[in-house]
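To start, the structure itself, in structure tokens.
The values are calculated or read from the model by the stated rules, or taken from the named source; none is laboratory data. Just so we're clear, the structure is a prediction, and the values are computed from it rather than from any experiment. Cβ: placed from backbone, ideal geometry, glycine included. Neighbour counts: every protein chain shown.
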Amino acid sequence: MGPIWQANDATNYQLNPMWHYALKCYGKPEVQSTLLQLQDRFDMNVNAVLWFGFLARSGRSALCTAQSHLNDWNQRYTQPIRALRRRAKSLEPASLYQHILELELQSEFLEQCLLMEYEGKSKTGATAKMCFVASLEGWGYKVEGEELQTLLEGLQLNED
């Protein structure tokens, strides 16, 4: 079996199923707020957590082998662009800030494309919540209580 996005071109915004899932979930204010807090407090990768949700919905958990590849891209490209964007908030013209923001979003999209190279590990009989928590734990991410519940609901992973 090939990658879960095999029928799509994951490098095309319009055809990448994870990109659409991520935009839908991240567009929820409570999910965005929780993810950004986790990113700032614990250095969690927002794209990784969204990918965990994407995989969990199909009964899969993340492979640890993807972590080093994602971290490499994130540290080399996304984090420096993000740091530049944060410093550039007050620059004139304002369009310069918007261009840097767009570059950061493109780098994050490429992170998602990188993650889509990994199918994840099938968890026979596991619920979406179990798969999501297994991914978090496998990558050393500790999310509990209200934050976990917010993500389970916002990423559409609660059992019916």
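For segment 95-129, a residue qualifies if it is farther than 24 Å from Asn71 by Cα, of a type in the set (A, V, I, L, M, F, W, C) and in a helix (DSSP H, G or I), and the qualifying residues are Leu96, Ala128. Residue pairs whose Cβ atoms lie under 8 Å apart, separated by 6 or more positions or on different chains, with the first residue in segment 138-160 and farther than 14 Å from Val46 by Cα and modelled with pLDDT of 95 or more and the second part of a loop (DSSP other than H, G, I, E, B) and among the polar types (S, T, N, Q), are Leu152/Asn158. You will find that of Leu136, Leu155, Leu115, the residue that is under 15 Å from Ala48 (Cβ atoms) and either in contact with a Gly (Cβ under 6 Å, 6 or more places away or on another chain) or among the basic types (Lys, Arg) (or both) is Leu155 and no other.
Residues that are farther than 21 Å from Leu23 by Cα, surrounded by 13 or more Cβ atoms within 10 Å (Cβ to Cβ) and free of Cβ contacts under 8 Å to residues at least 40 places away in the same chain: does segment 103-123 have at least one? Outline the logic, then answer.
Restricting attention to segment 103-123, the residues satisfying the condition of being farther than 21 Å from Leu23 by Cα are 121-123.
Those left that are additionally surrounded by 13 or more Cβ atoms within 10 Å (Cβ to Cβ): 121-123.
The next check asks that each one be free of Cβ contacts under 8 Å to residues at least 40 places away in the same chain; those that pass are none.
Checked segment 103-123: no residue is farther than 21 Å from Leu23 by Cα, surrounded by 13 or more Cβ atoms within 10 Å (Cβ to Cβ) and free of Cβ contacts under 8 Å to residues at least 40 places away in the same chain.
This table checks each residue for (1) touching a residue at least 40 places away in the same chain (Cβ under 8 Å); (2) buried (at least 20 other Cβ atoms within 10 Å of the Cβ); (3) of a type outside the set (Asp, Glu); (4) within 22 Å of Glu144 (Cβ to Cβ).
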site	(1), (2), (3), (4)
Arg41	no, no, yes, yes
Ala48	yes, yes, yes, yes
Gly53	yes, yes, yes, yes
Ala56	yes, yes, yes, yes
Asp72	no, no, no, no
Arg82	no, no, yes, no
